[in-house]
Amino acid sequence: MYGFKTFLLIAILAVAGGFSGCSETSSARSQANTARPLVTPEAVSIAPKIVAFGDSLTAGFGLAEPESYPYLLQQKLKAAGYNYEVVNAGVSGDTSLGGLERADWVLGQENVEILILELGANDLLRAMPVAKMKANLHQIIRKAKEKNVKVLLCGMLAPPTMGSDYSRDYINAFPDLADEHGVEFLPFLLDGVATKRELNQADGIHPNAEGTRIMTDNIYSALAPLLTKE
């Protein structure tokens, strides 16, 4: 559907995410940095929260905070008259297992209403068994639903070089989970951005500020069915 270049981009993206999560020379410092979201609310808010939960795409790798998609999403929601607080819970290099390990902490915040789940690219990088990735994402979604948190699941793509069976199982894991749990689904976060040089940073991998605005539009459109106004 998206072509080999787009598939390849997703695999490279996972590599960049893995490297960006390991930039500290001290392993202890690196573990501390990836043990919690990069941006957390400074004070308790009574507004319902939308938690952007993912890897470098969510964290805003290579961008200033006001250029990241969680920040831009906050502005779009406000302009449309929605009263939500968007929390950036992105960690560069995170995997589905890493997400599962911090899911309780993230979902334990006050007034979490929606979870935007964007994980899986780094599982692809490590060629993790699809069944394990799927099980981790299943558990994250289950934990969210147990707390009555609505979920938007973001799908990922796999390059055909991973093998036809692996690629098929990986790509299908996301819509299968969305169907199983009855959650909203965004097939491809970077639709309209991937492979376009003018919309990506110099590394050719991560969206630049303009690309991130398009990515935010993709998310906002998929998120719309979950939004409510008081």
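Net charge of the neighbourhood of residue 49, taken over other residues with C-beta under 11 Å away and scored Lys/Arg +1, Asp/Glu -1, is -3. Taking only the C-alpha atoms of region 64-189, the Rg (one decimal) and the largest Cα-Cα distance, Dmax (whole number), read 15.0, 46 Å. Bridging of residue 143 to lysines at a Cα separation below 20 Å is possible for 49, 132, 134, once same-chain residues fewer than 8 apart are set aside.
Pop out the carbon and sulfur fraction of the accessible area of region 84-191 as a percent, whole number, probe 1.4 Å.
49
What percent do you get for the relative contact order of region 145-230 when only Cα pairs under 8 Å and 6+ apart count? Contact order relative to length: 27 percent.
The mean sequence separation of alpha-carbon pairs under 8 Å and at least six residues apart, normalised by the residue count of region 44-106, gives a relative contact order of 46 percent. What number comes out for the charge environment of residue 63, summing +1 per Lys or Arg and -1 per Asp or Glu over other residues with Cβ under 13 Å away? Around residue 63, the surrounding residues sum to -3. Classify region 46-85: rounded, prolate or oblate, from the alpha-carbon gyration tensor (a ≥ b ≥ c, eigenvalue square roots; a/c under 1.5 rounded; otherwise prolate if a/b is larger than b/c)? Oblate shape, in that a/c is at least 1.5 and b/c is the bigger or equal ratio.
Using per-residue counts of other Cβ atoms within 10 Å, averaged over each peptide, order 84-95, 49-60, 193-204, 168-179 from highest down.
Highest-to-lowest ranking by the protection proxy: 49-60, 84-95, 168-179, 193-204.
Could you provide, to the nearest whole Å², the per residue accessible area of region 180-230 with probe 1.4 Å? Spelled out: the 1.4 Å probe surface of region 180-230, per residue, equals 50 Å².
The values are calculated or read from the model by the stated rules, or taken from the named source; none is laboratory data. Source: prediction; values computed, not measured. Using ideal geometry, Cβ is built from the backbone for each residue, glycine included, and neighbour counts are taken over all protein chains shown. With ligands, DNA and RNA removed, areas are computed over all heavy atoms of the protein, side chains included. Shrake-Rupley method; radii C 1.70, N 1.55, O 1.52, S 1.80 Å.
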